[in-house]
Amino acid sequence: MSAVQGHISTKPGHLEALRAKHATLSEKIEEEEKNPFHRMSHLRRLKAERLQLKDNIEGKLNGSS
């Protein structure tokens, strides 16, 4: 089970790893949106994954999980 789907680890550096993955997904989304032939289903999946990461990061910062 990934951190996106389940419990967020409390290991040092984990928050930074989540932020890095979020940034990478943002870059992929930007590139996909530039492609006139992008697949909407793929773009929706990337955006959903990015939103899940954002929620996990915010939860971690607010002391949840």
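In a fully extended conformation the segment linking residue 15 and residue 33 would gain 3.8 nm over its present Cα-Cα distance, using 0.36 nm per residue. Counting Lys and Arg as +1 and Asp and Glu as -1 over every other residue whose Cβ lies under 12 Å from the Cβ of residue 19, the net charge comes to +2. Listed by chain and number, the aspartates and glutamates placed with their C-alpha closer than 16 angstrom to that of residue 54 are 16, 27; residues fewer than eight positions away on the same chain are left out. Of 41, 26, the sequence from fewest to most neighbouring Cβ atoms within 10 angstrom is 41, 26. Panel order for 21, 28, 34, by other beta carbons found within 10 Å of each beta carbon, from fewest to most: 34, 28, 21. Modelled spin labels at residue 43 and residue 62, positioned 7 Å past Cα toward Cβ, are 2.9 nm from each other.
Over region 14-61, the hull volume per residue, using the convex hull of the C-alpha atoms, is 50 Å³. Checking every one of the trypsin sites (Lys or Arg not before Pro) in region 36-65 against DSSP loop status and a limit of 16 other Cβ atoms within 10 Å picks out 39.
Every number in this text was worked out from the coordinates using simple rules, so none of it is lab data. Since the model is a prediction, treat every value here as computed from it, not as a measurement. Note that we place each Cβ from the backbone using ideal geometry, even for glycine, and neighbour counts take in every protein chain shown.
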